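The block underneath contains the structure these notes are about, expressed in structure tokens.
Here, each number is a calculation from the coordinates, and none is a lab measurement. This is a predicted model, so every value here is computed, not measured. Methodologically, a virtual Cβ is constructed for each residue, glycine included, from the backbone with ideal geometry; neighbour enumeration extends over all protein chains shown.
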Amino acid sequence: MITWLANPARFVRFARIASPILAACAALAIGAGLWLGLIASPAEQYQGDSVRIMYVHVPSMWIAMMAYTGIAISSLIAYVWRHPLADSVAKNCALPGAGFTLAGLITGSLWGSVTWMTYWEWDGRMTSTLVLLFIYIGYLSIWAIMADKKRAARIAGLLAMVGFINIPIIKFSVDWWDDTLHQKASISTPGAPGLGPEFLTPLFFMMFGFSCLFGWVVINGVLADINSAKRDATQRARDKVKPATVTVETV
Amino acid sequence: MLPDYGDFNAIILISYGVTFAIVIGLIVHTVLRKSRHK
């Protein structure tokens, strides 16, 4: 599949079909998630209505980690197999990843202000998430400041692969360090005292909607890169065939 | 209209506001890039 999509012409054909489907799924799922999360779902027994922050906090952090995993895998593919679109996929995962990390940090901080009575605590989960935001900023800065985009891809890819060590730290920090305020995994852990379906349904709608939106952003970003590269190539070809201009000096 | 969440009105509004400001920003950025590189 990856090798098949590495061909730009095939990717464009795939993107033309996938993009409207992802956009429609994102709009429907986020719309349903908002209605369920803000209106239809009940308040939680202990947290009250503040539980509604979970419907934006958890999906934001899910995308933040998924996007970074996408960057690391794409960078590895670019390094090992030199697929032409892998660097573009990695680059286009970064902006939504950084945006959702910021959203996750802000919403988590606000949620903490009413459940833990503090906006911030330097524990494993929050600190490693802040580190993730800094890695995203560093990654985007490399792409932004370097004029030679091939070199930028090499350096940013290296940073992405080294920085991937932070993802398992974020995921398992709540298990590794006991002095954390953040709750342990309650959705993905089998047998954990989990959430009821009235809370899980809006959460999954929002997670699915945000995932589709993320896919739409990445696909269209890569399409924009392909079109930009095509335009540059056409311009270079035109410049090559242009006859040399003769300047005639008039007296 | 949205229900009244009591003491949590402000933090719920800010949380959803921040998240959807970022979502809308991403959508606008993507659409602008797409139209620029058509």
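General remarks:
- With loop membership from DSSP and a limit of 16 other Cβ atoms within 10 Å, the longest segment of chain A without chymotrypsin sites (Phe, Trp or Tyr not before Pro) is A:178-251.
- You can think of it this way: the chain between A:Thr3 and A:Ala18 has 3.7 nm of extra reach, that is 0.36 nm per residue less the Cα-Cα gap.
- Taking 7 Å steps out from each Cα toward its Cβ at A:Thr118 and A:Ala144 produces label points 3.1 nm apart.
- Cysteines without a disulfide-compatible partner [chain A; Cβ-Cβ under 4.7 Å]: A:Cys93
- For chain A, the longest principal axis of the C-alpha atoms and the axis of helix A:86-115 are separated by about 30°.
- Annotation for segment A:44-92: trypsin sites (Lys or Arg not before Pro) lying in DSSP loop with at most 16 further Cβ atoms inside 10 Å of their Cβ are A:Arg82.
- Assuming charge only on the beta carbon of Lys and Arg (+1) and of Asp and Glu (-1), the dipole of the protein assembly as shown about its Cα centre is about 2060 debye to the nearest 20.
- Other protein chain C-beta atoms within 10 Å of residue C-beta, averaged over B:25-33: 5.
- Contour excess over end-to-end distance, with Cα ends at A:Arg238 and A:Leu76 and 0.36 nm allotted per residue: 54.8 nm
- Tilt relative to chain A, helix A:166-176 - C-alpha long axis, 0 to 90 degrees, to 10: 10 degrees
- ³J(HN,Hα), Karplus 6.51/-1.76/1.60, whole Hz, each residue of segment A:37-54, x for Gly, Pro: x, 8, 10, 6, 7, x, 6, 7, 4, 9, 8, x, 6, 5, 4, 5, 5, 4
- Inter-centroid distance (Cα atoms) of segment A:51-97 relative to segment A:120-181, Å: 11 Å
- Taking 31 Å as the limit for the C-alpha separation, the pairs A:Lys171/A:Lys230; A:Lys150/B:Lys34; A:Lys184/B:Lys34; A:Lys171/B:Lys34; A:Lys149/B:Lys38 exceed it in the case of A:Lys171/A:Lys230; A:Lys184/B:Lys34; A:Lys171/B:Lys34.
- Gaussian network model of chain A, springs between alpha carbon atoms under 10 Å - residue of A:Gly209, A:Gly194, A:Gly104 with greatest fluctuation: A:Gly194
- Helix A:8-35 axis, angle to chain A major axis (alpha carbon atoms, nearest 10°): 30 degrees
- A:Gln45/B:Leu32 FRET efficiency (R0 51 Å; Cβ-Cβ; nearest 0.05): 0.70
- Derived scalar couplings between HN and Hα for segment A:142-153 equal 4, 5, 6, 8, 8, 6, 7, 5, 5, 5, 4, 4 Hz in order, rounded to whole Hz, by the Karplus curve 6.51 cos²θ - 1.76 cosθ + 1.60 (θ = phi - 60°), x for Gly and Pro.
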